[in-house]
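*Asks:* Take a look at the following structure, please.
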Amino acid sequence: MRTISFLYLFALYAYTQAVGYRDGYPTLADRMGFARTFANNKAVRLFYGEPHDLLSVSGYVAWRVGGTLAIAAAVFGLLAAVRALRTEEDAGRQELVLAGVVSRHTAYLSSLAAIGIGTVLLWAGESAGFLAGGLPLGGAMYLSLATASIVPVSAGAGALASQLAPTRRMALELGGALVGLWLLLRVIADTAGGVGWLRWGTPLGWAELLRPFAGAQPLVLVLPAITSVALLAIAGRIGARRDIGTGVLREHDSAAPRLRLLSSPAAQALRSERASLLVWLGSVGAFACVLGAVAKSSSTAGISKSLNRELGKLGTGSITTPSGYLGFTFIFFVLVVSLFACAQVGAARHEEAEQRLETLLSTPVARRRWLGGRLAIAAAGAVAISLTAGLAAWVGAVSGGAEVSLAKLLEAGANCLPVALLFLALAALAYAIVPRASGAIAYGLLAVAFLWDLVGSLLGAPRWLVRLTPFEHIGLVPAQPFRAGDAAAMLAIALAAALAATWIFTRRDLTGA
Amino acid sequence: MSALELKATASQPQPRPPGDRPRPAIRAEGLSKRYGSTLALDALELAVGGGEVYGYLGPNGSGKTTTIRLLLGLHRPSAGRARVFGHDAWREPVAAHRHLAYVAGEPFLWPALTSAETFEFLARLHGGVDVAYRELLVERFQLEPDKKVRALSKGNRQKVQLIAALATRAELLLLDEPTSGLDPLMEVAFRDCVIEAKERGQTVFLSSHILSEVEALCDRVGILREGRLVDEGTLQQLRHLAAQTVEVTFAGGAPRLPKLAGVEVQSAGPNALRFEVSGSIGPLIAALAEHPVATLTSREPSLEEIFIHHYDGSGDRGRR
């Protein structure tokens, strides 16, 4: 199911970018201009990585698609590995499998085989998308291979995290932190001057170093191959030695009672989400700081009006000043804070799926109070993360020598909230109506809204259709003014959706996994 | 509720004299629940009086847990209604839950909390517990309160749930197969607790398929089959309706007896017969009087036999 969603994403994204560039920048002159001003901008590199050749459709696609899908591939490998190697065990199902005639070795290898099949499917899907977009067969397959080569490495990281961590959640957090680090390394290598060698330190950089359509370096493939085999072998070795149901990192089984944060359902929810909230705050803070630090080096070269219009088509504003660059990067934080909001609703759903909610709601606690408390914590967490992003970006920017005011960057942080709260409420609504599918719906909606913002205008879709995504309604603070009207509208919709979610939730059966 | 108030409640447990409650603890009227095409509970009529220990019997999938989820307002009835101390279970769950404590068949607790922390959390949610009694229970059930729930075995997690529920001294204890996972010693401890609760005037709704437990504890028993209550009454009433077994050995070979209404005969050895008698035993005694009876034993049906009687297909006496 999840593999299929990723498959669609890969194929569609590959196709639309190829077609979009050909239509949007038909002549060599257009592309020269694009390459000069747009592609060398640090903010753009943040998402897409380092461009090698932008004068051909293939080169553009290699940069634009390879860079983003590389991140998606890393996430896919991590999720697939943790699901196969820790979630099953966490839920106790692995015990049943191993109690049968299946040995650990066989079980491990068959999990890896499943991930391998998923990888090949993604490779095929992305290649098909490129072919449909008019790229040559060999190049399409090589470019897709560069993306797909990341899957085994991140699956190896996920496998190792699954052996280290005793729970699914901790495995995902460990693996996620590692993938985040890879991304951070790539971002620094691509945006800061003189540290291009850092690319060698991250699998996401290896995909760039393969240089599809720009003097291919297939030998680099040795790196992901060796790394993934090593990671998977180590994980397999640990897995064969440890007791089932445990991890290498064992938490203490006993503790003196700590009675803080147990006074209400919301307090206890905060207690259980505390660690994960700190991880979010820490990683967002680190990222924002790095992005702030490179703000100064944004190109200040003037760009022509016509090109500016073309840039508008790609869903960006004026991005060649430090504040323009920061305004653009904060779209990334809008996405991150929205992800956090969806994850919080996911945690609430997990509580219900594991039936602990039955225990809780058999006490004199109203459902409205429970859900309201969870949403309030999620909203407060979103506020904290947004403002942290603003603050950290300011610290980074000031230390990098850029002149931006703290107030402006805190405003940029707060500017993440209308969209994030909207997605929080929509996720809650999905949770109330279809609890079992709520995670898929919430994340799916968010992914579609974000990608639609990236490709919608490029595809030449009607204006009203493009404006359907909330990401179109964000003012790029600090470069652009805060759009109070849009924000108020989104918050009003969020409030209505949250109230509807609460109303519906008090009227349905509790639903187990 | 502050910790101070908690202590205040704890120091003065309020025993309730039995029989002074006008409203029934549980009342179900035409209570039904449908999941898709499955009718999990079919027009249940149930009344459990205050201070009563009610045994709710049925095999897996007969609708016991569904009933409890409806009584707790966790699921919404498809038809009919359930009341707990007069409060509608679905519409006023919070008011109803102030009167009850619940033990689920599976211990669904928070893995990262220790037992002591779980107790504190559930006590805060319930709004006060009898702390002294809780400490007694921790000792009685031999629980290590500093262990995290994730490190406990299923039986020990079940104990955590049980202790938390019993310590509330709630007027109604809703217990869904509470002893699953407990060892025999702990089962004895559990029975003592139920007897204590009954002596204090608490109502106990005990869903179970452990017949000896129900037989030992319950005043009244309801038997559930495929979502319908097929029999209900005191153990004596149920016994009366079911067959009793009479075994007779004869001096010499077993004789041929005339056919008697309500009596089924089986051979039980070369010179012994077993009779399953429903209704009066008189005609059988009269018929036996003419033969050389060496020994005669009669025994009332166990709950197990009543139970099996209801499930072998012939036991449904058309009652809903």
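The values are calculated or read from the model by the stated rules, or taken from the named source; none is laboratory data. Every value quoted in this text rests on a predicted model; they were computed, and no experiment measured them. Quick reminder, even Gly has a Cβ in these numbers, built from the backbone with ideal geometry, and neighbours come from all protein chains shown.
*Asks:* Any residue at all in segment A:366-382 that is in a loop (DSSP other than H, G, I, E, B) and surrounded by fewer than 19 Cβ atoms within 10 Å (Cβ to Cβ)?
*Replies:* Within segment A:366-382, one or more residues are in a loop (DSSP other than H, G, I, E, B) and surrounded by fewer than 19 Cβ atoms within 10 Å (Cβ to Cβ).
*Asks:* Need a quick list: helices (runs of 4 or more DSSP H) entirely within segment A:166-247 having at least 3 residues that are modelled with pLDDT of 85 or more and over 22 Å from the mean Cα position of the chain (by Cα). Spell out the reasoning first.
*Replies:* Details: elements: A:168-191, A:203-209, A:222-241.
Counting at least 3 such residues, we get A:222-241.
*Asks:* May I pose another question? Got a sec? Which of A:328, A:340 is under 30 Å from residue B:118 (Cβ atoms) and among the aromatic types (Phe, Trp, Tyr)?
*Replies:* A:340
*Asks:* If residue B:201 satisfies all but one of (1) within 14 Å of another protein chain (Cβ to nearest Cβ); (2) on the phi > 0 side of the Ramachandran plot, what's the number of the condition it fails?
*Replies:* All conditions are met except number (1).
*Asks:* I would also like to ask the following. Quick one: in segment B:73-98, of everything that is more than 10 Å from every other protein chain (Cβ to nearest Cβ) and among the hydrophobic types (A, V, I, L, M, F, W, C), which residue is surrounded by the fewest Cβ atoms within 10 Å (Cβ to Cβ)?
*Replies:* B:79
*Asks:* Does residue A:449 meet the test of being part of a helix (DSSP H, G or I) and at pLDDT 95 or above?
*Replies:* no
*Asks:* Take the residues in segment A:244-263 that are more than 7 Å from chain B (Cβ to nearest Cβ) and either among the small types (Gly, Ala, Ser) or touching a Phe, Trp or Tyr at 6+ places or on another chain (Cβ under 6 Å) (or both); name whichever of them is surrounded by the fewest Cβ atoms within 10 Å (Cβ to Cβ).
*Replies:* Out of the qualifying residues, it is A:245.
*Asks:* Give segment B:257-276 a look and list any residue that's in a loop (DSSP other than H, G, I, E, B) and of a type in the set (A, V, I, L, M, F, W, C), or say none.
*Replies:* From segment B:257-276, those in a loop (DSSP other than H, G, I, E, B) are B:257-262, B:268-271; that's our starting set.
Residues satisfying the conditions are B:257, B:260, B:261, B:268.
*Asks:* Also: Condition (residue is outside any helix (DSSP H, G or I), of a type in the set (Ser, Thr, Tyr) and at pLDDT 85 or above) applied to segment A:487-505: is it met by at least one residue?
*Replies:* Start the filter on segment A:487-505 by keeping residues that are outside any helix (DSSP H, G or I), which leaves none.
No, segment A:487-505 contains no residue that is outside any helix (DSSP H, G or I), of a type in the set (Ser, Thr, Tyr) and at pLDDT 85 or above.
*Asks:* Same structure again: Return the pairs, sorted by first residue and then second, in which the second residue is among the polar types (S, T, N, Q) and surrounded by fewer than 21 Cβ atoms within 10 Å (Cβ to Cβ), the first residue lies in segment A:165-187 and is over 24 Å from residue A:91 (Cβ atoms), the beta carbons are less than 7 Å apart, and the residues are 6+ apart or on different chains.
*Replies:* That search, which allows pairs on different chains as well, returns A:180/A:283.
*Asks:* Within segment B:168-255, considering only helices (runs of 4 or more DSSP H) that don't extend past its boundaries, which have at least 3 residues that are at pLDDT 90 or above and surrounded by fewer than 21 Cβ atoms within 10 Å (Cβ to Cβ)?
*Replies:* By residue number, B:184-199.
*Asks:* Still on this structure, I have one more. What number of residues within segment A:350-374 satisfy the criterion of being closer than 17 Å to residue B:150 by Cβ and facing chain B (nearest Cβ under 7 Å)?
*Replies:* 4
*Asks:* Inspect segment B:45-62 for any residue being surrounded by fewer than 19 Cβ atoms within 10 Å (Cβ to Cβ), farther than 26 Å from residue B:200 by Cβ, away from chain A (no Cβ under 14 Å) and among the hydrophobic types (A, V, I, L, M, F, W, C) and give the result as yes or no.
*Replies:* No, segment B:45-62 has no match at all.
Conditions tested, residue by residue: (1) touching a residue at least 24 places away in the same chain (Cβ under 8 Å); (2) closer than 30 Å to residue A:2 by Cβ; (3) in contact with a Lys or Arg (Cβ under 9 Å, 6 or more places away or on another chain); (4) among the hydrophobic types (A, V, I, L, M, F, W, C).
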position	(1), (2), (3), (4)
A:408	yes, no, no, no
A:414	yes, no, no, yes
A:419	yes, yes, no, yes
A:424	yes, yes, no, yes
A:429	yes, yes, no, yes
A:451	yes, yes, no, yes
A:489	no, no, no, yes
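*Asks:* Continuing with this model, one more query. Of all residues in segment B:141-169, how many are more than 11 Å from chain A (Cβ to nearest Cβ) and either farther than 29 Å from residue A:245 by Cβ or touching a Cys at 6+ places or on another chain (Cβ under 6 Å) (or both)?
*Replies:* Qualifying residue count, segment B:141-169: 3.
*Asks:* Evaluate the following for residue A:396: is it touching a Cys at 6+ places or on another chain (Cβ under 9 Å), of a type outside the set (A, V, I, L, M) and either assigned to a helix (DSSP H, G or I) or buried (at least 19 other Cβ atoms within 10 Å of the Cβ) (or both)?
*Replies:* So residue A:396 passes the test.
*Asks:* Please tell me if residue A:266 is of a type in the set (Gly, Ala, Ser), within 14 Å of chain B (Cβ to nearest Cβ) and either touching a residue at least 12 places away in the same chain (Cβ under 8 Å) or crowded, with 18+ Cβ neighbours inside 10 Å (or both).
*Replies:* Numbers: of a type in the set (Gly, Ala, Ser): yes; within 14 Å of chain B (Cβ to nearest Cβ): yes; either touching a residue at least 12 places away in the same chain (Cβ under 8 Å) or crowded, with 18+ Cβ neighbours inside 10 Å (or both): yes.
So residue A:266 fits the description; yes.
*Asks:* Condition check: modelled with pLDDT under 95, of a type outside the set (S, T, N, Q) and either touching a Pro at 6+ places or on another chain (Cβ under 7 Å) or assigned to a loop (DSSP other than H, G, I, E, B) (or both). Does residue B:155 satisfy that? Let's see the steps before the verdict.
*Replies:* Values: modelled with pLDDT under 95: yes; of a type outside the set (S, T, N, Q): yes; either touching a Pro at 6+ places or on another chain (Cβ under 7 Å) or assigned to a loop (DSSP other than H, G, I, E, B) (or both): no.
Taking the combined requirement at face value, the residue does not satisfy it.
*Asks:* What's the total number of residues in segment A:78-100 that are on the phi > 0 side of the Ramachandran plot and modelled with pLDDT of 85 or more?
*Replies:* Selection size over segment A:78-100: 0.
*Asks:* Something else now. From the set of residues in segment B:99-128 that are more than 7 Å from every other protein chain (Cβ to nearest Cβ), crowded, with 22+ Cβ neighbours inside 10 Å and farther than 11 Å from residue A:364 by Cβ, which is modelled with the lowest pLDDT?
*Replies:* B:107
*Asks:* Which of the residues that make up segment B:63-72 are touching a His at 6+ places or on another chain (Cβ under 9 Å), in contact (Cβ under 8 Å) with a residue 60 or more places away in the chain and within 14 Å of chain A (Cβ to nearest Cβ)?
*Replies:* Matches in segment B:63-72: B:66, B:72.
*Asks:* Need the failing condition index for residue A:499 against (1) under 30 Å from residue B:70 (Cα atoms); (2) in contact (Cβ under 8 Å) with a residue 24 or more places away in the chain; (3) away from chain B (no Cβ under 14 Å), just the number.
*Replies:* If we test residue A:499 against (1) under 30 Å from residue B:70 (Cα atoms); (2) in contact (Cβ under 8 Å) with a residue 24 or more places away in the chain; (3) away from chain B (no Cβ under 14 Å), just (2) comes out false.
*Asks:* If I filter segment B:105-137 down to residues being within 27 Å of the chain's Cα centre (by Cα) and acidic (Asp, Glu), which single residue comes out as nearest to residue A:166 (Cα to Cα)?
*Replies:* Taking the candidates together, the pick is B:106.
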